[in-house]
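Peer 1: Sharing a structure below in structure tokens format, with a few things to ask.
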Amino acid sequence: MSYGLLRGKRGIIFGALDENSIAWKTAERVHEEGGSFVLTNAPIAMRMGTINALAEKTNSTVIPADATSIEDLEKLVSESMQVLGGKLDFVLHSIGMSVNVRKGRSYTDQNYDWTAKGWDVSAGSFHKVMQVLYKQDAMNEWGSIVALSYMAAQRVFPDYNDMADNKAFLESIARSFGYFFGRDKKVRVNTISQSPTPTTAGKGVKGFDGFISYAEKMSPLGNASALDCANYTVSLFSDLTQKVTLQNLFHDGGFSNMGVSDSVMQAFEEQ
Ligand SMILES: NC(=O)c1ccc[n+]([C@@H]2O[C@H](COP(=O)([O-])OP(=O)(O)OC[C@H]3O[C@@H](n4cnc5c(N)ncnc54)[C@H](O)[C@@H]3O)[C@@H](O)[C@H]2O)c1
């Protein structure tokens, strides 16, 4: 169902790799709500993914950019304003990657070059994106910037590895930059802390099947899907949430406030 919540709004969506990506579902929903946008991803992901099909479907332009490269980001932001015909109202940062996770190095045996790379891609890139937007004065007043996080920023999930630290850093950047963006440009900045979701990044984490089922059993409303996340993001891009900023917003069916649920108790009682 479409409510026309983003009619006339323009933005950039980072991170749509394939149809499972949270950014992919968000692009589809933003399009349905009347928003127009540029899609972007790392040049290497262009070859692996199917972003052009999404661009065709949503009538949008694709501009490749490595989100860790200031040069790429400067080009992306200025070209996006040209393509879309004005300043931006929304930006989605939906980017995450840990080389330690990918290559199976445990948290207690990190390769620090990989740690630094994962940090730059997963957290530093959010600062870089916002700094480029800020310096180019690319956001309209009452615009909205959202990045995606995970609850391992607050609580221990051993196999989430160095991504836990990256997400804590990401959430901190949202607050710190959000202050300046709010004060100077009337732009809001938030992170959404999303349930485990079966995407390429999600399924790359060891033990994913176990903890997605556990979260499902623990959450009174069940896990939030990628489409649920897209809908929540649309609300944060809309004019209905103009005074929400500097927040890490849990979008997880209630998981983050649970101690134990009946169905998890039952699994132990059966043993
Ligand atoms: N899947 C989950 O369980 C889950 C849960 C909570 C939060 N998140 C977060 O949601 C976001 C989106 O991930 P997803 O689950 O949709 O997986 P995904 O694999 O579909 O998306 C991750 C994206 O990051 C992009 N990326 C990697 N390096 C990049 C770079 N240098 N420059 C630009 N883009 C780059 C990838 O190409 C990919 O499109 C991530 O921040 C992830 O950590 C995911």
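Every read-out reported here was derived from the displayed coordinates using simple, explicitly stated rules and does not represent laboratory data. All of these numbers come straight from a predicted model, not from anything done at the bench. Counting neighbours? That spans all protein chains shown, and the Cβs are built from the backbone with ideal geometry, glycine included.
Peer 1: In terms of the ratio Rg/(2.2 N^0.38 Å) built on C-alpha atoms, what value belongs to segment 164-271?
Peer 2: 1.26
Peer 1: Additional query: Over 29 Å, how big is the tail of the calculated P(r) for the chain, in percent of all Cα pairs?
Peer 2: Percentage above 29 Å: 29.
Peer 1: Also: Between M258 and Y179, take the C-beta separation as r, use R0 = 25 Å, and let me know the FRET efficiency to the nearest 0.05.
Peer 2: 0.20
Peer 1: Rank by packing, highest mean first: peptides 215-221, 146-152, 27-33, with packing defined as the count of other Cβ atoms within 10 Å averaged across residues.
Peer 2: Answer by packing, highest mean first, reads 146-152, 27-33, 215-221.
Peer 1: Name the aspartates and glutamates eligible as straight-distance cross-link partners of K243: C-alpha to C-alpha under 19 Å, and not fewer than 8 places from it in the same chain.
Peer 2: Candidates past the 8-residue exclusion: D89, E141, E171, D184.
Peer 1: For n ≥ 4 DSSP H runs only, could you compute -39500 (n - 2.57) per run for the chain, divide by its residues and tell me the 222 nm figure to the nearest 500?
Peer 2: -13000 deg cm²/dmol
Peer 1: Would you mind ranking Y214, Y112, Y3 by Cβ crowding within 10 Å, fewest neighbours first?
Peer 2: Ranking Y214, Y112, Y3 by Cβ neighbours within 10 Å, fewest first, gives Y112, Y3, Y214.
Peer 1: Which FRET efficiency value, to the nearest 0.05, is calculated for D109 and L249 with the Förster distance at 30 angstrom and r the Cβ-Cβ distance?
Peer 2: Working: r = 34 Å, r/R0 = 1.12.
E(calc), rounded to 0.05, equals 0.35.
Peer 1: List the pairs from K25/K57; K9/K75; K128/K167; K87/K135; K135/K185; K103/K203 whose alpha-carbon separation is above 18 Å, in the order I gave them.
Peer 2: K9/K75
Peer 1: Quick check: Cα centre of segment 1-79 to Cα centre of segment 113-144, how many Å?
Peer 2: With segment 1-79 and segment 113-144 each reduced to a Cα centre, they are spaced 16 Å.
Peer 1: In nanometres, what is the gap between the two model label sites at E74 and W142, each 7 Å from Cα along Cα-to-Cβ?
Peer 2: About 3.3 nm separates the two model spin labels.
Peer 1: Got the relative contact order for the chain handy, in percent, Cα pairs under 8 Å and 6 or more residues apart?
Peer 2: 19
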